[in-house]
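Q: The structure under discussion is supplied below as structure tokens; questions concerning it will follow.
Values in this text are rule-based calculations from the coordinates and carry no lab data. Computed from a predicted structure; not experimentally measured. FYI the Cβ positions are ideal-geometry reconstructions off the backbone, even for glycines, and counts take in every protein chain you see.
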Amino acid sequence: MRPARIIFADIDQDYREKIETILSAEGMEVVAVPDGLSVLIQFREWPADLVIVNYKLPALSGVEICRRIKRVTNRAVIILVEQDAERQMEEGFAAGADDCIEKWVQISELLWRVKKLINSRSTSRSANSYELVYNNFVLDTRSRRVVFNGRTIEITPLEYRLRRFLITHQGKVVSKENIFANVWGCNPQNLKEPMYQNLIEAVICRLRKKIEFDPTHTRYLHTIWGIGYQFGEMYREDY
């Protein structure tokens, strides 16, 4: 299992570097940024498991960042509140924050709550070892069933293999050659023939129609032109 990924945002450079050092020493992968806009830019490029933001940030407030992230994904968000903490906490939780913590709390308390949140989400996702989970998608490897938003999606065995390959590579760009070798079990060299290129594109198109609200404006299954495909929400521009 890979280390937990965290984006941490605070305008105070000394505090930012201090928290980054502490979290990194605990084995977490941390990217620290100074403003709200940088959080969203980084979040699109790097699928962090947890975003920790100060209530007050340049460009975008911590509450607005939380609201935009929660609009497109259920990744965890912690807001650090400062003055008038009770009011700021109310705003943070109303925006969908998983936790609101006073910025100047003991570092040990902050670290404990970060670990608790990460561990609770990791446990819930792996409670059934036969399930692969991504946001509202659940892939049951025993029954070979795909569930999205609580409803079962009818898919063919080939679409299931493709869906499983994509969900286990979430956030990564995978080439057509990689898909062809792992899903079809064929020699990638065969992709030089147009018929095989069309075959992959046809299956991708069918799967996209089943998992996208609007297949012409993809949210989950993206075409990365000239390379392949990416499964995940990091390419959305409307938050």
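Q: Any chance you could give the angle, 0 to 90 degrees and rounded to 10, that helix 157-167 forms with the longest Cα principal axis of the chain?
A: It works out to around 30 degrees.
Q: Just to be sure I understand, if you calculate Cα Rg over 2.2 N^0.38 Å for this structure, which of (1) 1.06; (2) 1.13; (3) 0.98 do you get?
A: (2)
Q: All other residues with a Cβ under 14 Å from the Cβ of Asp84 taken together, and with Lys, Arg as +1 and Asp, Glu as -1, what is their net charge?
A: -2
Q: Next up: Rounded to the nearest 0.05, what FRET efficiency is calculated for Asn198 and Glu29 with R0 set to 41 Å and r the Cβ-Cβ distance?
A: The formula returns an efficiency of 0.60 here.
Q: Helix 194-211 versus the longest principal axis of the chain: what is the Cα-based angle in degrees, 0 to 90, to the nearest 10?
A: With both axes taken from Cα atoms, the answer is about 50 degrees.
Q: Now for a separate question. Note the full-extension length gain between Val133 and Trp225 as 0.36 nm times their separation in residues minus their Cα-Cα distance, in nm to one decimal. Provide the component values of the computation, followed by the final result.
A: On the way: separation 92, 0.36 × 92 = 33.12 nm, distance 2.64 nm.
That pair, Val133 and Trp225, stretches by 30.5 nm at full extension.
Q: While we're looking at this one, here's another question. Nearest 5 is fine: what % of DSSP beta bridges in the chain come out antiparallel, could you say?
A: For the chain, the DSSP antiparallel bridge percentage is about 50.
Q: Here's another thing I want to ask about it. When the scattering of region 131-231 is computed by the Debye formula from its Cα atoms alone, each counted once and equally, what is log10 I(q)/I(0) at q = 0.17, 0.20 Å⁻¹?
A: -0.75, -1.04
Q: Using r as the Cβ-Cβ distance of Arg144 and Asn119, and R0 as 45 Å, what FRET efficiency do you calculate, to the nearest 0.05?
A: Numbers: r = 30 Å, r/R0 = 0.66.
Once the sixth-power term is evaluated, E becomes 0.95.
Q: So for the pair Cys186, Cys205, with labels modelled 7 Å out along Cα→Cβ, what separation do we get in nm?
A: Distance between label points: 1.7 nm.
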